[in-house]
Structures are given as structure tokens and as C-alpha cells.
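To start, the structure itself, in C-alpha cells.
Just so it is clear, none of the values below were taken in a lab; they were calculated from the coordinates. What you see is a predicted model, and the numbers here were worked out from it, not measured in a lab. Every residue, glycine as well, gets a Cβ built from its backbone with ideal geometry; the counts of neighbours run over all protein chains shown.
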Amino acid sequence: MTTKPTNTCPPPMTTLMPRQFVAPLAQHTPRHWLPGNPVVSAILNAYTVLVPANENFYIRTLKACMPRVHEANTRWMIVNFVHQEAQHGVGHRQHWSVLDAQGYRFRRFEKWVDVLTFKTVERIVPLHIRLSAVSCIEHINAYLGYEFLQQNILETADPSVRALFEWHFAEEIEHKHVTYDVLRELAGGYLVRLLGALLAAPIFYLLMTIGTLKFLRQDGLLLKAATWRQFGSHLWRANHMALRTLRHLWNYLRPGFHQNQLDDRALARHVIERYSTTPSIWLQPTARGQQQARPAVSGANRGRDAA
Ligand SMILES: [Fe+2]
Ligand SMILES: [Fe+2]
């Protein structure tokens, strides 16, 4: 942290493509858009409600760290990470209008969460611990993505809602290492990683639980035995999410951990390709993404083009 940061970002060694979600989300989508599974529908509805404030928090945190980051590739990764996260917020806000049309009430909960958690944490928690908290939530986002995609949990879901979540999960896998790499560059100590995880993981799962139960209560399903059997199926018998979650969290706390130790990039690539090609071109590069996709023009060609 003794040298000055550069103001420009040279081309990255590896690249992240910012894309926008352009699938038509239908207002008449059924409430239980994963047919026969109100529990997973409610879990991901809670996720959708939390995403925009959550991701704005990541973006503010990473932008606050930017002046201290000197490694050119890391700076470039942060820029594209911010663009991807911003697009996730836009995509999930579109899903909010579907939830409105379905008659759900969630906006007061969303405001309460933003003010009482993200904005409060931002006021009282030092930047390096906030960065560590974001790194832990990004790990959670990535392993949720891995589990939902690898187990094909959304296979029978409404196609456009499925695309929204699978696109988001795939990009969480693509950029899963970014915040962790920034954390290692700025505050690499194990204790900081541990404190961030102890702050982030309980808050994340508490908010997800409250949100999920609120959706199920509005469905009138909260006290039904079948609902709790379905929770059992998601957490233990079918999707094994309880044990898998503990394993992923435990893995994050290993001293030698790095996200790239789990190579699930092919899984993410496959999903991005599926939604970027016919018949459902539901993902498009943003203006920044299009710039990155364009082949670099050599000095000689640049001269010829200009002539
Ligand atoms: Fe995201
Ligand atoms: Fe992310």
C-alpha cells in the first residue's frame, strides 16, 4: 500500500464479461414457479428480494477499496465485477414486478433489511472487515450457484425465471474469486477472513430464513406438514443442502483455501452459452462487454482504419 494506484486499467489477463438479462419475465408467472415446490420458490424469492441491496453493498465496498488496490489485473477484475453485480440487481428488480403481480408484499421487509443491516454495518464496521464479509457472501453465492446448477434443481422451473437465477448463479461462479483476491491483497490475515465470515454467514442465513418464511406465510403454507417435509427434502433427503452448506462454509475457513480449488467454470460456461444462443437469446453483453468482446486492433491496422 505504499505505491500510488494507477488511474487506468490495462487489458486484463483474464476477463469477466458484463451481460444484461433480456428475457421476458411474464407477469402471469405462477406463484410457485418451480412447479410443486413452493419451498424452493420461496427460498429464491427471498434471494431475489435481498439481491439488489446486497449487491449495492458489495459494489460500495469494492469501490471504497479501489484506491488501495495496485495490482492492474485485480483493478480490472473489480471494474467488471461491479458491472456484473449491477446487472444482477437490475435483473432481480424486474422479478420484483412479477412478485408484485402475484400479490406478494415484500418491499417493507426489503427497506428494513437495507437500513438495519447493510447501511448500519457500513456505518460501524471497518472497511477491511466489510470487505471480508463481502468475500464470504460471495463464496456463499458461488456455492449456491454450484449446487443449484450441478444438481439441476431448477430443471422444471418456469423458463424465464429459471434463466434469471441460472444466469446469476453462473456469473457468481465466474467472478467468485474477485473479492477474495482483493481481500488477500489488502488484508490477507486469517483472523480478518474469520471475522468477516462470522459476521456475514449468520446474517445472510437469518435474512434468507425470515424472507422465505414470509413468502410461505403469504401462501398460507407455513403451518402445513407438507411444507416442512419439503424443507426436509431440500435440506437433507433430496438436495442435501444442509450438509453441503456446512461443507462449503468449513472449506472457506481452511487456512489454504482458494475459490479456484473447485473448478466449476465449465458448468458456468455451459449455462451462459445456453442462454446466449438461439432459440432463447436471453443474455446480451452490455456496452462494456461488447467492447471487451471486440478483437484488439493492432497499431498497423489502427493506422489503416484511420486513413
Ligand atoms: Fe450477483
Ligand atoms: Fe457476486
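Annotations
- Pairwise FRET efficiency - residue 194 versus residue 246, Cβ, R0 = 22 Å, nearest 0.05: 0.85
- Rounded to the nearest 10 degrees, the angle from helix 178-187 to the longest Cα principal axis of the chain is 70 degrees.
- Estimated FRET transfer efficiency (residue 107, residue 229; beta-carbon r; R0 30 Å; 0.05): 0.45
- Label-to-label distance for residue 253 and residue 269 is 3.4 nm, based on points extended 7 Å past Cα in the beta-carbon direction.
- Extension gain, residue 72-residue 222: 0.36 nm per intervening residue step, less the Cα-Cα distance, totals 49.0 nm.
- Reported to the nearest whole Å, the Cα centre-to-centre distance from the stretch 195-258 to the stretch 159-173 is 19.
- Distance histogram for the stretch 9-108 (every C-alpha pair counted, 5 angstrom bins, percent rounded to whole numbers): 2, 12, 18, 19, 15, 11, 9, 7, 5, 2, 0
- Segment residue 151..residue 209, full-extension length gain: 18.7 nm, with 0.36 nm per residue of separation and the alpha-carbon distance subtracted.
- Full extension of the chain segment joining residue 27 with residue 239 gains 73.4 nm, where the gain is 0.36 nm per residue of separation less the Cα-Cα distance.
- Residues in the stretch 14-28 reached by a label modelled at residue 90 [backbone nitrogen below 19 Å; 7 Å Cα→Cβ]: 16-26
- Alpha-carbon radius of gyration plus Dmax, which is the widest Cα pair, for the stretch 91-132 in Å: 14.2, 40
- Cα-Cα P(r), the chain, percent of pairs per 20 Å interval: 31, 58, 10, 1
- Under 15 Å of direct C-alpha separation, and excluding same-chain neighbours fewer than eight residues apart, residue 119 reaches these aspartates and glutamates: 55, 110.
- The C-alpha atoms of the chain define a longest principal axis, and helix 127-150 lies at about 60 degrees to it.
- Tilt relative to the chain, helix 265-276 - C-alpha long axis, 0 to 90 degrees, to 10: 80 degrees
- 22 Å Cα-Cα threshold exceeded, pairs from 111/176; 63/214; 111/214: 111/176; 63/214
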